[in-house]
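Down below is the structure, laid out as structure tokens.
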Amino acid sequence: MTSIDVNELTKDYGSTRAVDRLTFSVRPGRVTGFLGPNGAGKSTTMRLVLGLDRPTGGTATIGGQAYAALHDPLRRVGVLLDAQAAHGSRTARNHLLALATSNGMSGTRVEEVLEEAGLAHVGGRRIKTFSLGMRQRLGIAAALLGDPAVVMLDEPSNGLDPEGIIWIRELMKRLAREGRTVLVSSHLMNETSSFADHLIVLGRGRLLVDLPMREFLDSRSRPRVRVRVHTPESPRLGEALTRKGYRAEQGEDGGWTVEGARADEIGALAAAEGLPVLQLMDEQTTLEQAYLDLTAGAAEFESAASAPTLAPTRQEA
């Protein structure tokens, strides 16, 4: 098993508790999004897992072992923590060759990951000439170098252009399909919702959520449906909804928003009334809304004004 297992993990810096008795597991075969406000303890937790910091208490293991005890760690765990860490005077190819040689890997693998990351054509360029997005790609290439079973990425989409964001999204999904353990820290809620199967959310060093994505969104939202029929028939639909006990509100376009209902229920009701439906969709809370609602008051830095209420994202039934 190549899971990441954190048990009662605690880290104090003087009188400040950065990580507070965290317990969770990151399982293979899925992409786990690692979320939390600034100062929530995400980066500290990742550093503790990788042995870059010593915990005050508790344990963090990968496949049942501490990172420091792993044999051939680059072949076991691929990591991107800081895309700026590579030496700027080296070429991208030489940077990867240094990592490969020191870990007993061939140059062939270097060419494979350069190609995978879309950097094969710039492998001979010095890293200091790279844009942030290119450095991100190089960091991801380094993380993939050992073909690891566990991949940990901190803000992998940072600096990437739209094509690069799509590439990293599909890469993470593919790694999970191959049975690898994938942990991704990100501040981009909409992007996280496009690739994560599972969520771990921290607030002030404590575990707030450890749930599948769908279950988390369902737990933070109430079903709601948007339905619209031909304008002359709109009053009859409103009467039918009231008669069936639904709480509905009519909008300026004549359509209805029905609380506590799902599209299949309202569609069946409209069909029974002989009303042709022009629009029918479930409205669902976005990850961003659910996350902001969950972490309200758990951020290290908060604006004086509360965040505005956002309209739910609509999904066609």
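The values are calculated or read from the model by the stated rules, or taken from the named source; none is laboratory data. None of the values given here were measured: they were computed from a predicted structure. Counting neighbours? That spans all protein chains shown, and the Cβs are built from the backbone with ideal geometry, glycine included.
Suppose we keep only residues that are more than 27 Å from the chain's Cα centre (by Cα) and surrounded by fewer than 15 Cβ atoms within 10 Å (Cβ to Cβ) within region 187-235. Which one would you say is nearest to ILE168 (Cα to Cα)?
As a first pass, look at region 187-235 and keep what is more than 27 Å from the chain's Cα centre (by Cα): 226-235.
After this cut, where a residue has to be surrounded by fewer than 15 Cβ atoms within 10 Å (Cβ to Cβ) as well, the list is 230-232, 235.
Values: HIS230: 44, THR231: 45, PRO232: 49, PRO235: 49 Å.
Per the criteria, the residue is HIS230.
Return yes or no: is SER221 farther than 27 Å from ASP147 by Cβ, of a type in the set (Ser, Thr, Tyr) and assigned to a loop (DSSP other than H, G, I, E, B)? So SER221 passes the test. Selection of strands (runs of 3 or more DSSP E) fully inside region 9-113 by the criterion of at least 3 residues being free of Cβ contacts under 8 Å to residues at least 60 places away in the same chain returns 57-62. Restricting LEU183, LEU160, LEU153, LEU171 to residues that are hydrophobic (A, V, I, L, M, F, W, C) and modelled with pLDDT under 95 narrows the list to LEU160. Evaluate the following for LEU241: is it buried (at least 20 other Cβ atoms within 10 Å of the Cβ), not small (Gly, Ala, Ser) and not assigned by TED's automatic domain parsing to the domain that holds ILE266? Spelling it out, it is not the case that LEU241 is buried (at least 20 other Cβ atoms within 10 Å of the Cβ), not small (Gly, Ala, Ser) and not assigned by TED's automatic domain parsing to the domain that holds ILE266.
Could you list all residues from region 25-39 that are farther than 13 Å from VAL150 by Cβ and crowded, with 18+ Cβ neighbours inside 10 Å? Passing the criteria: GLY33, PHE34, LEU35, GLY36, PRO37, GLY39.
Going through VAL110, VAL151, VAL182 one at a time, which residue ends up being touching a helix residue (DSSP H, G or I) at 6+ places or on another chain (Cβ under 7 Å), of a type in the set (A, V, I, L, M, F, W, C) and more than 25 Å from GLY29 (Cβ to Cβ)?
Details: VAL151 fails: more than 25 Å from GLY29 (Cβ to Cβ); VAL182 fails: more than 25 Å from GLY29 (Cβ to Cβ).
Only one candidate passes the filter, namely VAL110.
Assess whether ILE140 counts as being under 25 Å from ASP161 (Cβ atoms) and buried (at least 20 other Cβ atoms within 10 Å of the Cβ). Here the answer is yes, as ILE140 does meet what is asked.
Within region 174-186, residues that are over 22 Å from ASP82 (Cβ atoms) reach partners that are of a type in the set (Asp, Glu) with beta carbons closer than 8 Å, at six or more positions or on different chains, in the pairs ALA176/ASP197.
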